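Encoded as C-alpha cells, the structure appears first; notes follow it.
What follows draws every value from the coordinates through simple rules; no lab data is involved. Keep in mind it's a predicted model, so treat the numbers as computed, not measured. Note that each Cβ is placed from the backbone with ideal geometry, even for glycine, and that neighbours are counted across all protein chains shown.
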Amino acid sequence: MALWVVRTPRTFRTVVLPPSWSYVARVPMLSSRVIVISAPRLCGYWKRSISEAVLPLHKEETYNYQQEYQPTYHLNDAYNPFFKETPQYKEEEKLQYSSFEQINHYLLDVERLYNGTVKSFEIGHSVEGRPIRGIRISKNPGVRKPALLLDAGIHAREWVGPVVAQYAIQQLLANASNANLTDGLDWYILPMLNPDGYVFSMEHPPARLWRKNKAQTFVNYCGGVDLNRNFDYVWGGPGSSDDPCSTNYRGPYPFSEPEAVAFGRFVLSIAQDLRMYLTLHSAAQAILYPWGYTNLVPPDWQDLDALAKKAEAAMSLVNGTRYHVGPTTKLVGLGAGGSDDWAKGAVGIKYVYTLELPGLFYPEKGFHPPTEALPIIAREAFEGIRVFAEHARNRRP
Ligand SMILES: [Zn+2]
C-alpha cells in the first residue's frame, strides 16, 4: 500500500477514483493538499496520474503488507491492583468529576491565578452553542517554543479524561517539582471537546453512556455524530458507520461537525510548533498510536512504540497498574476518522497518542470509575504525560 500527499493548486478539485479500492481526500483546511492512499495494484495508476498532472509530491510512503506487529500485552493481561485495598487520601488529594460549568470556571480561575503564564481561549462552539475552551501554559509567551497538545472529552461518556486533563493543569502550575515541564515547552490543554454530549450524559441518567455530540441527523429519532469518526483522514473508512443510529456514526461528510472543525482549525493554527499530540479517552487502559483506519502501522511505528513503552513503564511505578501498548487497530479495533489519525496523517505530527484511561469493572462501569480511584488514575496518567512532555521538549522539529 502506498500513500502520497500531493500539493495541488487551490483550483484542483476533481480526482477521478479508479474503479477499485483506494482513497483520495482533499484536506479542506490544509487547502492545497490531496491525500491519496492506494492499494498496491493501483500504485502505478496513481503515480502516473500525479506526474501527468505535474503535481509536486510532498510526501510519499510505502507500507509493507508484511509489517506484522505484536502488542506488548494481550488485552486480558493488563493488571490493575486498585481493588486489592482501598487507598486513603488526604483531603487535598481527592478528585471529583466536574460539570461542564466547573471545567470552564476552572480554566478561567487558573488564568486569573497564573496571569501571564496561562491564557485561556475559545476555539469555537458546539452544535447547541456551548463554548469549547482551552488554555495555553507558556512561561515566556513571547518566545516560540515546541508545544504539546493535550485534549479530553471528545467522547461524552468518558468522564475520567477531563478529570485527568484538569489534574495535569494543576500539576503543571501548582506543583513546584514539575516546573521543568513548562521550561522550554508550551502546553495547550483542552479538557472538553464535546460539551453538548458531556452535559447530556451528566444531566440525563438514561443517557449516561452517550458518546456522540448532539447534532440532528437525517433520522429524526437517532441524533449525534461520533466526533472521533468525523476527522478528514480516510474519513468513512472501516470502523465508522454511515448509520445515524450507530454510536460510531461518522457524520454526513468529513468535518461536518462544528466541534471537529473548531478543533481541526485550532490544531492547524499551532501545528508548526506541535511536537506531540495526546488525546485522553477511556476505558481500555492502553496507550495507542496510529493507525486506527487500517491494520498497518506507520513507517515510524517503532519510534512511537518505544516512547509509549517508556511512558507505560513510568506509569506502572505509581501503583503497579499495567497499560497495554500498541497500535489502535490491534488493541481496540478499527476506527477511521479519528483525531489521532488526522493529526498524524494529515497534519504531520510525528508523535500522536491516544491515552485510554482505565475503566475498572470494564465494561459495565467502565466509563465511571469510583471517585476513590481518580487520584491514582490521574497520577499514573500524569507520569506517562511527563515522559511524553520531556521527549517533546527535547526533540528537534
Ligand atoms: Zn473514546
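Using a 7 Å offset from Cα along Cα-Cβ at Thr247, what residues in the stretch 207-232 end up with backbone N under 16 Å from the label point? Residues 207-214, 223-229 fall inside that zone. Each of Asn140 and Gln170 was given a label point 7 Å from its Cα along the Cα-to-Cβ line. The distance between the two points is 3.0 nm. When peptides 372-380, 332-340, 215-223 are sorted by average Cβ neighbour count within 10 Å, with the highest value leading, the order is 332-340, 372-380, 215-223.
Simple rule: put +1 on each Lys or Arg Cβ and -1 on each Asp or Glu Cβ in the stretch 187-265, find the dipole, and look at Phe231, Val219, Tyr198; the Cα lying farthest toward the positive end is Tyr198. Distance between the pseudo-spin-label points of Leu317 and Ser99 (7 Å out from Cα toward the beta carbon): 4.0 nm. If you plug the beta carbon distance of Ser256 and Gln88 into 1/(1 + (r/R0)^6) with R0 = 35 Å, you get a FRET efficiency near 0.15.
Scanning residues 5 or more positions from Val325 or on other chains, those with amide H under 5 Å from its amide H are Thr72, Tyr73, Ile287, with H placed 1.01 Å from N in the peptide plane.
With contacts taken as Cα pairs under 8 Å at a separation of at least 6 residues, the stretch 220-354 carries a relative contact order of 35 percent.
Using the Cβ of Lys94 as centre and a radius below 15 Å, the other residues enclosed give a net charge of -2, where K and R count +1 and D and E count -1. Take the Cβ-Cβ distance between Cys222 and His125 as r, set R0 to 22 Å, and report the resulting FRET efficiency rounded to the nearest 0.05. Using R0 = 22 Å, I get an efficiency of 0.45.
Label the stretch 272-397 by shape, choosing from rounded, prolate and oblate, from the square roots a ≥ b ≥ c of the eigenvalues of the Cα gyration tensor; if a/c is under 1.5 it is rounded, and otherwise prolate applies when a/b is larger than b/c, oblate when it is not. Verdict is oblate for the stretch 272-397.
Pull out a ≥ b ≥ c, the square roots of the eigenvalues of the alpha-carbon gyration tensor of the stretch 75-394, then state rounded if a/c is under 1.5, prolate if not and a/b is larger than b/c, and oblate in the remaining case. Verdict is rounded for the stretch 75-394.
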